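K.L.:
Handing you a structure now.
The values are calculated or read from the model by the stated rules, or taken from the named source; none is laboratory data. All figures in this text were calculated on a predicted structure; none of them were measured in a lab. Positions of Cβ are backbone-derived with ideal geometry, glycine not excepted, and every protein chain shown enters the neighbour counts.
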DNA sequence: CTTACTGCAAATATTTTGCATTTGG
DNA sequence: CCAAATGCAAAATATTTGCAGTAAG
């Protein structure tokens, strides 16, 4: 049980949807695990601390593959910035400070009431796992 | 009180922050009022049903100006799509269907509990007005 | 008048795609 | 082996910017 069996899960999840296990996908997945809330650009940089370098286009394709395998999800925390995180670490909401940009996490359960209300009133099945809430964090409040 | 004095409010809000009142800004603002949740691209198209045509770059600049004047706000409902709405019509959340893309609105008050909880547990002042919730709408559920 | 705004076109930034080559299963 | 994935470079998309002319105040 060296490193929580993550490598094995990655292989299994990819194969389960008919995708291959490649070095590129392993490296991108490892980078996401190391750096939650990272953008594709940031992940490219992070991944390329090691060689051989992986071009941005391949990072994008790896992200698609990982997402298709259900290993990662992405959220749009701000403008041009999809951020990726591991699916098994996704049960939280993102509190994005409009002031300093800090991203805090909160357990998804705080939104249970809201989810129930939306299901009730609109028949809408909300996935709060993908939710970003903007506002002002404790540190940036007067 | 013909049309709720909107034209006057626009002029006043722009001037209040030292911006000028121009035909471009009036037309873009009118388009937003007519079509909530529209992207810059959609607004450009809508605005250009009348002539003279306004180029995209000017629409972007008008949106910036209107936002700076506090007349409109924008939200990111999905990938490359900031959507604009009038600030005085913004007290709602956006329920975005991942299936069909439909955007439903729900009064912001349904999130009151959540807002209170986040303030309580994280000292985070959430602005649910800018919140998009992804999921599946009633029509797209089995 | 004076400075901000606009239109146009070119520049940026970001993500996607075609295709020959490599590699996983 | 065969199909899928990669690397590279070029294309597509979205947004920003420089500048000279126009118009708001």
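K.L.:
Condition test on residue A:60, is it at pLDDT 85 or above, within 14 Å of chain B (Cβ to nearest Cβ) and within 12 Å of DNA strand D (Cβ to nearest atom)?
P.N.:
Taking the combined requirement at face value, the residue satisfies it.
K.L.:
So, one more: Within the stretch B:41-53, restricting attention to residues that are in contact with a helix residue (DSSP H, G or I) (Cβ under 6 Å, 6 or more places away or on another chain) and within 12 Å of DNA strand D (Cβ to nearest atom), which residue is farthest from residue B:85 (Cα to Cα)? Give the derivation first.
P.N.:
Of all residues in the stretch B:41-53, those in contact with a helix residue (DSSP H, G or I) (Cβ under 6 Å, 6 or more places away or on another chain) come to B:43-44, B:46-47.
In the following step, the residues that additionally are within 12 Å of DNA strand D (Cβ to nearest atom) were identified as B:43-44.
On the way: B:43: 11, B:44: 14 Å.
Ranking the candidates gives B:44 first.
K.L.:
Within 16 Å of DNA strand C (Cβ to nearest atom) and within 14 Å of chain A (Cβ to nearest Cβ), is that true of residue B:82? Step through it out loud before you land on a result.
P.N.:
Numbers: within 16 Å of DNA strand C (Cβ to nearest atom): yes; within 14 Å of chain A (Cβ to nearest Cβ): yes.
Yes, satisfied.
K.L.:
Could you go through the stretch A:112-123 and let me know if any residue there is within 14 Å of DNA strand C (Cβ to nearest atom) and either at the interface with chain B (Cβ under 9 Å from one of its Cβ atoms) or over 30 Å from residue A:142 (Cβ atoms) (or both). Even if it seems obvious, please write down each step before you answer.
P.N.:
Just the residues of the stretch A:112-123 that are within 14 Å of DNA strand C (Cβ to nearest atom), to begin with: none.
The answer is no; no qualifying residue exists.
K.L.:
How many residues, within the stretch B:74-85, are surrounded by fewer than 20 Cβ atoms within 10 Å (Cβ to Cβ) and either away from DNA strand D (no atom under 12 Å from the Cβ) or over 15 Å from residue B:31 (Cβ atoms) (or both)?
P.N.:
Of the residues in that region, 5 qualify.
K.L.:
I'd like the residue in the stretch A:102-142 that is within 17 Å of residue B:110 (Cβ to Cβ) and assigned to a loop (DSSP other than H, G, I, E, B) and, out of all such residues, is nearest to the chain's Cα centre (by Cα).
P.N.:
Filtering the stretch A:102-142 for residues that are within 17 Å of residue B:110 (Cβ to Cβ) and assigned to a loop (DSSP other than H, G, I, E, B), the one nearest to the chain's Cα centre (by Cα) comes out as A:131.
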